[in-house]
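The structure appears below as structure tokens.
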Amino acid sequence: MDVTADDRSTKALLARAAEEATAFRESVGSARHRPAISFGEAVARFSTTLPEDGLPAMAVIEDLMERASPGLASMVGPRFFGWVIGGSHPVGVAADWLVSAWGQNTASHAATPSAAAVEVAVAAWLLELMDLPRESSVGFTTGATMAGFTCLAAARGDVLRRAGWDVEQKGLFGAPPVSVLVGADAHATIFAALQHLGFGQEHVQRIVTDEMGRIVPGNFARALAECTGPVIAILQAGQINTGAFDPAAELIPAAHGRGAWVHVDGAFGLWARASPEQAHLAQGFEQADSWSMDGHKWLQTPYDTGYAITRHPDAHGRAMNILASYLPKTDENERNPSHYVPELSRRARGYPSWAMIRHLGRSGIAEMVRRHCRIARHMAERLSSEDGIRVLNDVVLNQFIVRFGADRASEAGDRLTKETIRQIQADGVCFVEGGDWRGHWVMRVSVISSATTEHDAERSVAAMLEAWRTVRDRATLEIDAVVPRCDKSERDNAERAVPFNRSVLDC
Ligand SMILES: *Cc1c(COP(=O)(O)O)cnc(C)c1O
């Protein structure tokens, strides 16, 4: 196979990919919001023997599109509420195409002035948008997971350095023990980052939270008082189920009083600071030492974009240091993209962020955040006005959790909630998923795609209500068929005794 594509075939190839991508985006709003095939079926579509010989370029792309299509999810669809996931806005996607086509290895400004420079510009815009200390350093990571990892690596280095230990050179063996305080409802990826950094999941002290998942200040103060050596405290701006914010204005000064480095996981929630109407929720977080955020959530860039922001550029740079004689020598005082992230070779992540901020502007971002919060509140109100449905959180941001069969016994409510979610997915008007909250199964709703309108919200609520009524009526029929003469308490007992996947009850 000739692997050198001539100009004409390159043009046709890229045009064909653009045509397919455009068709996908144009139809996703009206398509069912769930993949047409399962994972197993998708594996079968791709699994062939290792090809011995090549295939012409256009045939490969046609083949790829054909095999991939049925297993694609509508994550960029307007009624996708499954997880906190942005909509990969077309402007971000177009910029991202250029990232791939330009193929800039964004490690050093000496190698690629433009890709390094756009990060300088976006970093300044972000700090202004979020109103964070303007001297902060910003690393462009794959997402908030790696942003959290990066910031916590800087934290680890800094608190140990202040205790007379150089962790970057000596590692953790023999280091003074570091106390790590984190809210019990922190995101799973924070615990993963701590694991990668040698802190261990069990070593970390999980601070008890309130009913919305916020750290309780009294518990935090007691844990702080018991710390003896260096301390890292991790707060959250935007809990993935409730959208709640830790009380930063109270917690951060207390932690700083104890010499702690305070990190904030603000993957999506910190964007509240960009909207005057929501900014009060995230007040006080600016006092922290570092912040991890996503671009591919509320800013709507395509994957992969996250931001590792710290108030201490030296600690940040030390933690991510990569030295090699073959790398281009650059002026020490100039920002190099690789100084602030774990990787060396990587894509030019600044361009899609630049394009999205340039497209929306400060007012557009504020309007989007406000609209999503308004839509979430409205959907939650509509749902909770129906018998048997309860919204379990104060809807302060864009996230809410819903219990179906809320007036039933615990197991019956779990079963009805799971069945309703399955019914909603089967109908395919919108996409939602479930999760556990305080031992109860709930439907999780995240309103975060730029494509979502009020009209989409209305259609989705109607589909959710219809699914719930179907499930409820089916359950009532089953109970009536088996326990026709039970009184209510006997029925509740019968439901309580029934495992989730059994639909026939004994009384
Ligand atoms: C999504 C999320 C993360 C992880 O971010 P990724 O972009 O998936 O790496 C961390 N914390 C919170 C609160 C999140 O919502």
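The values are calculated or read from the model by the stated rules, or taken from the named source; none is laboratory data. From a predicted model like this one, the values you see are computed outputs, not experimental measurements. A quick note on method: Cβ atoms are made from the backbone with ideal geometry, for glycine too, and the neighbour counts reach across all protein chains shown. We work out accessible area using only protein heavy atoms, side chains counted, and drop any ligands, DNA or RNA first. Shrake-Rupley method; radii C 1.70, N 1.55, O 1.52, S 1.80 Å.
Between segment 237-284 and segment 397-412, the C-alpha centres lie 26 angstrom from each other. Ignoring aspartates and glutamates fewer than eight residues from LYS11 along the same chain, the ones with Cα atoms less than 16 angstrom from its Cα are GLU19, GLU20, GLU62. Per-residue Karplus couplings for segment 466-471, computed as 6.51 cos²θ - 1.76 cosθ + 1.60 with θ equal to phi - 60°, are listed in order as 5, 4, 4, 5, 4, 5 Hz, Gly and Pro entered as x. Under a 5 Å amide H cut-off, with hydrogens placed 1.01 Å from N, ASN393 pairs with ILE401 among residues at least 5 apart or on other chains.
Averaging the sequence gap over all C-alpha pairs within less than 8 Å and six or more residues apart, then dividing by the number of residues, gives the chain a relative contact order of 20 percent.
Normalising by residue count, the chain has a Cα convex hull of 183 Å³ per residue. Per-residue packing, averaged as other Cβ atoms within 10 Å, sorts the ranges 180-190, 426-436 into the order 180-190, 426-436, beginning with the highest. Under a 5 Å amide H cut-off, with hydrogens placed 1.01 Å from N, GLY229 pairs with SER179 among residues at least 5 apart or on other chains. What segment 107-348 shows is 37 Å² of accessible area per residue, with the surface traced by a 1.4 Å probe over protein heavy atoms. Our summary gives segment 107-348 a relative contact order of 30 percent, counting only alpha carbon pairs under 8 angstrom and 6 or more residues apart.
Once you treat every alpha carbon in segment 107-348 as an equal point and sum by Debye, what is log10 I(q)/I(0) at q = 0.16 Å⁻¹? Listed by q, the Debye log ratios stand at -1.13. Couplings 3J(HN,Hα) for segment 237-244, derived from phi with the Karplus relation 6.51 cos²θ - 1.76 cosθ + 1.60 (θ = phi - 60°), are 10, x, 7, 5, 9, 9, x, 6 Hz, where x marks Gly and Pro. Residue by residue, segment 209-217 carries 3J(HN,Hα) couplings of 10, 8, 5, 9, x, 8, 4, 7, x Hz when phi is fed to the Karplus relation 6.51 cos²θ - 1.76 cosθ + 1.60 (θ = phi - 60°); x denotes Gly or Pro.
Database remark: amide H of GLY434 closer than 5 angstrom to the amide H of ARG444 (H placed geometrically; neighbours at sequence offset of 5 or more, or on other chains; Pro and chain starts carry no H).
In this Cβ point-charge picture (+1 for Lys and Arg, -1 for Asp and Glu), the chain has a dipole of about 520 debye about its Cα centre. By accessible area, using a 1.4 Å probe on protein heavy atoms only, the chain has 54% of its surface on carbon and sulfur.
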